[in-house]
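Here the structure is laid out as structure tokens; the discussion comes afterwards.
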Amino acid sequence: MSSKLVIEQPAPVMESKVTDHQWSTGICDCCEDMPQCCFAFWCCPCFACITTRDYGQCLCLPMLEIFGGFITPINLAMRVSMRHRYGIKDTICRDCLFATCCTACSWCQMATEMKRRAIPITLISARPKV
């Protein structure tokens with residue numbers, strides 16, 4: 001009788017360490033990280049593209065805001081998506097306000113949130129199947 005050893009790579013399990021249901025910083029707290037704040041203020045389109053890429057979306061997605069109207073749709077969509085991903089309790093009205101009136105601060109807040117709520121991938125149950 002021969003035995004066959006099959007080893008499969010376990011699927012990664014994502015587990016968030018943060019359980020707070022609020023933004024980790026306020027909309028005007030972007031100056032806590034001065035290099036990030038300056039980059040977002042002086043070159044918001046580049047900063048928005050990098051933040052969007054780091055979030056896992058298309059790098060050039062923020063460039064579509066050129067065709068937007070009064071409300072910046074990509075910034076608004078990213079804020080709503082991020083709230084849903086991280087379980088942040090807020091309103092679409094506030095998202096709309098911040099996306100429209102405080103664009104650079106909004107992008108800074110989202111970038112900071114991604115840094116603080118980074119979800120490490122932990123491998124569990126890594127044993128060979130027999």
Notebook entry, point to check: In what order do C101, C30 fall by count of nearby beta-carbon atoms within 10 Å, going from fewest to most?
Noted result: C101, C30
Margin query: Sort W23, W107 by Cβ crowding within 10 Å, fewest neighbours at the top.
Written below: W23, W107
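Computed from the coordinates by the stated procedures, all read-outs in this text should not be read as laboratory data. Quantities reported herein were computed from a predicted structural model and do not represent experimental measurements. Heads up, the Cβs are rebuilt from the backbone with ideal geometry, glycines too, and the neighbour counts pull from every protein chain shown.
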